[in-house]
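I have placed the structure first, in the form of structure tokens, so that the comments after it can refer back to it.
The values are calculated or read from the model by the stated rules, or taken from the named source; none is laboratory data. On a predicted model such as this, the values are computed, not experimentally measured, just so you know. Quick reminder, even Gly has a Cβ in these numbers, built from the backbone with ideal geometry, and neighbours come from all protein chains shown. We work out accessible area using only protein heavy atoms, side chains counted, and drop any ligands, DNA or RNA first. Shrake-Rupley method; radii C 1.70, N 1.55, O 1.52, S 1.80 Å.
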Amino acid sequence: MAPACHAYDPQSPAVATILISLIHARDPRLVVHHVGSTSGPACAGKGVIDLLVAYPAGLLSTARSLLQALGFQASASRNPFTEDRPMRVGSLQHAGRRYLIHAHVVSAQSPEVDELLWFRARLEMDAAVRAQYVAEKRRLLLEGVADSTDYAVRKGGFIQAVLQTRTVNPTPPPARPG
């Protein structure tokens, strides 16, 4: 999928909630959160709903199998995620539109879980950071970054810079469910 920066879709949280409920109903030991641009208020992004599927120790294969049963497939990008930290891709039809989904399967003990949730909370609470993030995405697109892997890596620099501010502001607002 080519990089893009689409306007925020207010239906994205509803789609994420449906998927979170489907996953939780099949295995409540998996904790699923809506993360990424589509989880933030009015945050433009690639238009793909990112889910964080956090699994307890020993349940990686369970999480992968559950997502496969729901129709998710392994990522097939130029630089796919490894099977010990997989990303699964899928879609869901909702309100007359097909929504693309990236399900990031991460150990519940991984620092990545806290990072993703902290970044989500920062986007929710700080309109300036949200605007800077969107501006960075648009800048990359204007530069002609057309490869999704390159786009993710370059956008990741901004995310890492924001994560570095955790030492200044270590506690964003309490994480909302899902």
Residues (part of a loop (DSSP other than H, G, I, E, B) and closer than 14 Å to Arg26 by Cα) located in the range 63-94: Leu70, Gly71
Residue among Leu22, Leu60, Leu51, Leu30 that alone is open to solvent by less than 20 Å² (accessible area, probe 1.4 Å), without any contact (Cβ under 8 Å) to a residue 60 or more places away in the chain and over 22 Å from Thr149 (Cβ atoms): Leu30
Residues satisfying the stated conditions in the range 104-126, i.e. open to solvent by less than 60 Å² (accessible area, probe 1.4 Å) and in a helix (DSSP H, G or I): Glu112, Val113, Glu115, Leu116, Leu117, Trp118, Phe119, Arg120, Ala121, Arg122, Leu123, Glu124
Answer residue from the range 1-19, given it is touching a Leu at 6+ places or on another chain (Cβ under 7 Å) and in a helix (DSSP H, G or I) and is nearest to Leu117 (Cα to Cα) among those: Ala16
Restricting the range 149-173 to residues that are over 15 Å from Leu116 (Cα atoms) and modelled with pLDDT of 90 or more, the residue that is surrounded by the most Cβ atoms within 10 Å (Cβ to Cβ): Tyr151
The one condition in (1) open to solvent by 30 Å² or more (accessible area, probe 1.4 Å); (2) assigned to a helix (DSSP H, G or I); (3) in contact with a Gly (Cβ under 9 Å, 6 or more places away or on another chain) that Leu100 fails to fulfil: (2)
The listed residue being open to solvent by 30 Å² or more (accessible area, probe 1.4 Å), touching a residue at least 40 places away in the same chain (Cβ under 8 Å) and closer than 23 Å to Gln132 by Cα, out of Pro10, Pro41: Pro41
Search result, residues across the range 130-148 that are surrounded by fewer than 17 Cβ atoms within 10 Å (Cβ to Cβ), farther than 11 Å from Pro3 by Cβ and touching a residue at least 24 places away in the same chain (Cβ under 8 Å): Gln132
Whichever residue in the range 21-62 is part of a helix (DSSP H, G or I) and within 16 Å of the chain's Cα centre (by Cα) and, among such residues, is modelled with the highest pLDDT: Ile23
